Ligand code: GLU
């Protein structure tokens, strides 16, 4: 097998063929300003090393990838009580679909679709006076990047156009599954989604999921424990079944790793026992997933065999 730097260089060289096959998200106006033809990839391994290629140090809008970290925060504070407010089944519907909420009494299918993430943000809004700082604090610690921030223009742009998310929040409130004022939760949610990180930082920040819930120091020695091993296993399982919206089945088939995607064009994937991968390219397919990032992950698992030994 080629070395990891060789594999990453070969993937990078094959990316231009995907340019133009998707489109940058434009339903959040500020996201439409991004240069579409960018590509970065980073792999953080359990020995503490981080391997990068392309635009891996360029910060991008995390969007739904933050749902992974807010879910971890909520799991830590609520434990199994969380499952009274949100399900853990794939939705088979678009990331922003409202339709299941009506037939399922305001309980969203899972924490990674918008409705479920809004409930998680509602839970965390009760828990934290300043949720943006709680989330940034966690991400700064995990990525060792003290200057991480959320982008105020992107947050404002999403907040001004968040009619559908607001509708879902009110609908869930009518069912008693929303405890704070929807306006307040939407403020927090839009700030959360506007958090920016680079692939190198994101791969580093999510390595605890590949390491049984325990972070690693930069020299690869054990760091902060975020989750017990069983909880980390469950987060990975949920990523595998629900992390790519209504394309989760296709992603499991093609790549077979726990993944969380976002409409900023980013993806994070874990290879339990091996490391964590972050990849970003802004052009999205019709289901809201990055075309080039998905292709890159597929190339990486083909070249490394990661994921073939089972999760
Ligand atoms: N902030 C986005 C929204 O609520 C996140 C969507 C995503 O990345 O899937 O629409």
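The values are calculated or read from the model by the stated rules, or taken from the named source; none is laboratory data. The model shown is predicted, which means the values in this text are computed figures rather than measured ones. Backbone-built Cβ (ideal geometry, glycine too); neighbour counts: all protein chains shown.
The requirement of being within 15 Å of the ligand (Cβ to nearest atom) and touching a strand residue (DSSP E or B) at 6+ places or on another chain (Cβ under 9 Å) is not satisfied by residue 214.
One residue stands out in the range 1-19 among those that are part of a loop (DSSP other than H, G, I, E, B) and in contact (Cβ under 8 Å) with a residue 24 or more places away in the chain: the one that is surrounded by the fewest Cβ atoms within 10 Å (Cβ to Cβ), namely 1.
With a requirement of 3 or more residues that are surrounded by 17 or more Cβ atoms within 10 Å (Cβ to Cβ) and within 14 Å of the ligand (Cβ to nearest atom), the helices (runs of 4 or more DSSP H) lying completely within the range 62-134 that satisfy it span 66-78, 114-127. With respect to residue 204, determine if the residue is touching a strand residue (DSSP E or B) at 6+ places or on another chain (Cβ under 6 Å) and either more than 16 Å from the ligand (Cβ to nearest atom) or in a loop (DSSP other than H, G, I, E, B) (or both). Considered against the rule, which asks whether it is touching a strand residue (DSSP E or B) at 6+ places or on another chain (Cβ under 6 Å) and either more than 16 Å from the ligand (Cβ to nearest atom) or in a loop (DSSP other than H, G, I, E, B) (or both), residue 204 comes out as yes.
Applying the criterion of being touching a strand residue (DSSP E or B) at 6+ places or on another chain (Cβ under 9 Å) and not in a loop (DSSP other than H, G, I, E, B) to the residues of the range 20-31, the residue that is nearest to the ligand (Cβ to nearest atom) is 31.
Screening residue 56 with (1) closer than 14 Å to residue 290 by Cβ; (2) at pLDDT 95 or above; (3) touching a helix residue (DSSP H, G or I) at 6+ places or on another chain (Cβ under 9 Å) gives one miss only, at (1).
When 247, 194 are screened for being within 16 Å of the ligand (Cβ to nearest atom) and touching a strand residue (DSSP E or B) at 6+ places or on another chain (Cβ under 6 Å), only 194 passes.
You will find that of 232, 169, the residue that is buried (at least 22 other Cβ atoms within 10 Å of the Cβ), away from the ligand (no atom under 14 Å from the Cβ) and free of Cβ contacts under 8 Å to residues at least 60 places away in the same chain is 232 and no other.
The residues of the range 32-61 that are within 15 Å of the ligand (Cβ to nearest atom) and buried (at least 24 other Cβ atoms within 10 Å of the Cβ), listed by number, are 60, 61. The residues listed here are 46, 31; of these, the one that is in contact (Cβ under 8 Å) with a residue 40 or more places away in the chain and closer than 30 Å to residue 223 by Cβ is 46.
When every residue of the range 153-162 is checked against the conditions, at least one turns out to be in a helix (DSSP H, G or I) and more than 13 Å from the ligand (Cβ to nearest atom).
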